[in-house]
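The values are calculated or read from the model by the stated rules, or taken from the named source; none is laboratory data. Note that the structure is predicted; figures quoted are calculated from it, not measured. When we count neighbours, we look across all protein chains shown, and the Cβ atoms used for this are built from the backbone with ideal geometry, even at glycine.
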Amino acid sequence: MDRPVLPDADDLPDVLLDLAVPHEDINALVGLRGGVTRDAGTARLLQECVHDLLRDLGEPAGDREGVRRFEERLTTAPEALGGYFAAYVFVAALPYTRAYHRERRVPAEIARHTLADLGRNMASHRRRHGTGGVRAPRWLAHHFRGELYQLGRLQFERATIGRRTAPVLRAAGMDAVPGEPCLNLHVPDYRGPLTPAACDRSLRLAGDFFRRHFPEEPYRAATCHSWLLDPQLKRYLAADSNIVRFQERFRVAREDTEPADGEPVRFVFGNPCLPVEGLPRRTSLERAVGDHLRAGGHWYVGHGWFPL
């Protein structure tokens, strides 16, 4: 890999817009750019972060140590850059990600929709903190490493079957072993209702996409690890609700015993640290999440799968 660089100040706004970065963040990112490029130490940190992020680019079970080091290095960025330094890293990594997409002949529209998660992530950061920044850089590593793709309503991550899931699949009659390819489903925010029709369309798109662009990886199972699969939601939501119908696609892979109350609060209300007593009750989902917690209950991450 050659030396990663940032676009110049005139070109940077267009690059940021292509990544769906919120308009209110663009002036700040352009204005702070000189603090990255003119300081030798910060410029070197940017290059190190990009190299760590992209080690084993395209490998779904690749160099996790590189991603861990990338995340650790971000914490050493100059305070003056606030939470924006990670955005500069992803922008500097963009040419390499796009080259990988071209190598795999990923359609430009799919690549654009996938990498637009940077902007969605930054919108979530502002929603929670009221300031600009990148909320979860480790999550975005999947996108920029070519592991995850937005295909309609859902996102599909090139993953592998884990040691706890493989026995469950074998018990269901599949000849599955740990390390075998699988697709991990994610449900992004800001994408409209999670309707059955939208999910069906996403699954059709995914089947065609991965057969065409990753033919050497046979995907026989889809998995999902999300609070949306907590079966307790069925106590509160109508049987024909989008979330309940989404749950019904899956077979149970395993059950968690460790509460994850912050997960639904974060995704439904935007901030996992909000006091339970004051959570709004405007929608059926808000009432379900808040009322359950106020009654002393807990929410859990559900783990599900279905054959492809």
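A single member of 240, 189, 261 is at pLDDT 95 or above, of a type in the set (D, E, K, R) and within 22 Å of the chain's Cα centre (by Cα), and it is 261.
Considering 108, 93, 87, which residue is free of Cβ contacts under 8 Å to residues at least 40 places away in the same chain and of a type in the set (A, V, I, L, M, F, W, C)? Exactly one of 108, 93, 87 is free of Cβ contacts under 8 Å to residues at least 40 places away in the same chain and of a type in the set (A, V, I, L, M, F, W, C), namely 108. Residue count for region 1-30 satisfying the condition of being touching a His at 6+ places or on another chain (Cβ under 8 Å) and buried (at least 16 other Cβ atoms within 10 Å of the Cβ): 1. Pull up region 243-257, narrow it to residues that are among the charged types (D, E, K, R) and at pLDDT 95 or above, then point me to the one that is farthest from residue 187 (Cα to Cα). Across region 243-257, the extreme among qualifying residues is 251.
When residue 246 is tested against the conditions (1) surrounded by fewer than 17 Cβ atoms within 10 Å (Cβ to Cβ); (2) in contact with a Leu (Cβ under 8 Å, 6 or more places away or on another chain); (3) closer than 16 Å to residue 193 by Cβ, the lone failure is (1). Of all residues in region 159-171, those that are touching a residue at least 24 places away in the same chain (Cβ under 8 Å) and more than 9 Å from residue 221 (Cβ to Cβ) total 4. Being without any contact (Cβ under 8 Å) to a residue 40 or more places away in the chain and closer than 18 Å to residue 213 by Cβ is a property that residue 60 lacks. Considered as a group, the residues in region 266-289 that are surrounded by 14 or more Cβ atoms within 10 Å (Cβ to Cβ) and among the charged types (D, E, K, R) include one that is modelled with the lowest pLDDT, and that residue is 266.
Of the residues making up region 2-33, those that are touching a residue at least 24 places away in the same chain (Cβ under 8 Å) and on the phi < 0 side of the Ramachandran plot number 19. Among the candidates 15, 21, single out the residue that is part of a helix (DSSP H, G or I) and not basic (Lys, Arg). Selected residue: 15, the only one of 15, 21 that is part of a helix (DSSP H, G or I) and not basic (Lys, Arg).
I'd like to check something: does region 236-250 contain any residue that is touching an Asp or Glu at 6+ places or on another chain (Cβ under 9 Å), touching a residue at least 12 places away in the same chain (Cβ under 8 Å) and under 23 Å from residue 298 (Cα atoms)? Yes, region 236-250 contains at least one residue that is touching an Asp or Glu at 6+ places or on another chain (Cβ under 9 Å), touching a residue at least 12 places away in the same chain (Cβ under 8 Å) and under 23 Å from residue 298 (Cα atoms). Select from region 1-18 the residues that are in contact with a Gly (Cβ under 9 Å, 6 or more places away or on another chain) and more than 21 Å from residue 114 (Cα to Cα) and list them in ascending order. If the condition is that a residue be in contact with a Gly (Cβ under 9 Å, 6 or more places away or on another chain) and more than 21 Å from residue 114 (Cα to Cα), then 9 is the only one that fits.
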